[in-house]
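Below is one structure, written out as structure tokens, with a few remarks after it.
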Amino acid sequence: MSKNTDENTVIETRLAGLGLSEKESRVYLSLLPYRDIGTSKIIRMTGLHGQFVYDALAKLEEKGLARHVVQNGRKKFSANTPNRLLSLIEEKKLAANALAKELQSRYAGEREQDVEIFQGDSSFVAQQFELLKRQPNDTVIDVIASETERYQTTLEAEGAWDEYLRISREKNIKTRYLGGEAQHERLQMLEKTGHWSFRILPGHATGLMNTDIWHDNITLNIFGDPVLCITVTGKTIADGYREFFNALWNLSKK
């Protein structure tokens with residue numbers, strides 16, 4: 001098997017992850033090096049039956065990945081820019097968000113709470129951003145800290161910490177942070193951003209788990225190997241934990 005064939009197989013697998021069938025992927029790759037080629041040449045290059053090629057071309061045009069012109073009464077096909085793949089991803093995301101909202105609205109009365117588990121650094125960071133984007137403007141996130149600084153360092157390792165702070169400022173989301181004595185210096189630096197306030201709870205922060213209380217959910221972040229995020233969604237649950245947080249906040253010191 002040639003190197004190009006191996007590379008095409010890998011790319012076809014990745015295209016499949018974006019919703020293209022194997023035949024669509026093969027036809028699309030055959031179009032990319034050329035401009036305005038006929039179906040006979042595509043059939044020879046792909047080794048596919050003619051009907052499969054015609055079907056794949058129709059699907060690719062529907063997805064905006066291919067186009068055709070008519071020359072001397074015959075259709076000639078070209079591939080659109082691969083940047084179109086980015087639009088496909090965004091369209092899928094928008095469709096998924098719309099569907100999720102519809103299902104949540106339809107079945108919210110039957111499911112007042114839900115639990116999701118996210119494992120690994122990338123999954124953890126993606127979930128934190130999803131929660132931040134869902135958090136209403138001008139609200140507060142309450143945090144009962146762990147002894148570790150893994151929350152911040154994990155976001156920094158993924159190149160996401162500055163963006164997290166930017167979105168927080170943009171939405172005017174503030175954070176109240178209950179930490180331990182060892183975190184005092186770092187928390188003072190965060191407080192200078194204007195969006196953080198903190199208090200020290202003596203004897204606190206001796207474990208690897210912190211608790212974040214959002215608008216309508218809580219997350220239990222366990223900083224083991226790998227990091228684990230357990231999200232419990234439910235406004236009543238979040239409000240109950242916030243009452244507990246307020247009690248600890250009033251017992252703590254600056």
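Scanning region 1-34 for residues being modelled with pLDDT under 85 and either of a type in the set (D, E, K, R) or not in a loop (DSSP other than H, G, I, E, B) (or both) gives a total of 14.
Exactly one residue out of K41, K92 is part of a helix (DSSP H, G or I), surrounded by 12 or more Cβ atoms within 10 Å (Cβ to Cβ), outside the structural domain of T231 (by TED's automatic domain parsing) and within 32 Å of the chain's Cα centre (by Cα), and it is K92. Scanning region 46-72 for residues that are within 37 Å of the chain's Cα centre (by Cα) and of a type in the set (A, V, I, L, M, F, W, C) gives L48, F52, V53, A56, L57, A58, L60, L65, A66.
Could you go through region 237-247 and let me know if any residue there is in a loop (DSSP other than H, G, I, E, B) and surrounded by fewer than 18 Cβ atoms within 10 Å (Cβ to Cβ). For region 237-247, residues in a loop (DSSP other than H, G, I, E, B) and surrounded by fewer than 18 Cβ atoms within 10 Å (Cβ to Cβ): absent. The condition of being crowded, with 17+ Cβ neighbours inside 10 Å and hydrophobic (A, V, I, L, M, F, W, C) holds for only one of L220, L155, that being L155. For region 167-184, the condition holds for at least one residue, the condition being that it is more than 26 Å from the chain's Cα centre (by Cα), closer than 21 Å to T139 by Cα and in contact (Cβ under 8 Å) with a residue 40 or more places away in the chain. Pairs are defined by a Cβ separation below 6 Å, a sequence spacing of at least 6 or placement on different chains, a first member in region 135-154 that is modelled with pLDDT of 85 or more and among the polar types (S, T, N, Q), and a second member that is surrounded by fewer than 18 Cβ atoms within 10 Å (Cβ to Cβ) and assigned to a loop (DSSP other than H, G, I, E, B); the pairs so defined are Q135/H215; N137/K171; N137/N172; T139/H215. The number of residues in region 185-204 being farther than 22 Å from Y241 by Cβ and surrounded by 13 or more Cβ atoms within 10 Å (Cβ to Cβ) comes to 2.
Inclusion of G64 among residues that are exposed (fewer than 14 other Cβ atoms within 10 Å of the Cβ) and touching a helix residue (DSSP H, G or I) at 6+ places or on another chain (Cβ under 9 Å) is not warranted.
The values are calculated or read from the model by the stated rules, or taken from the named source; none is laboratory data. What you see is a predicted model; the values in this text were computed from it and never measured. Every residue, glycine as well, gets a Cβ built from its backbone with ideal geometry; the counts of neighbours run over all protein chains shown.
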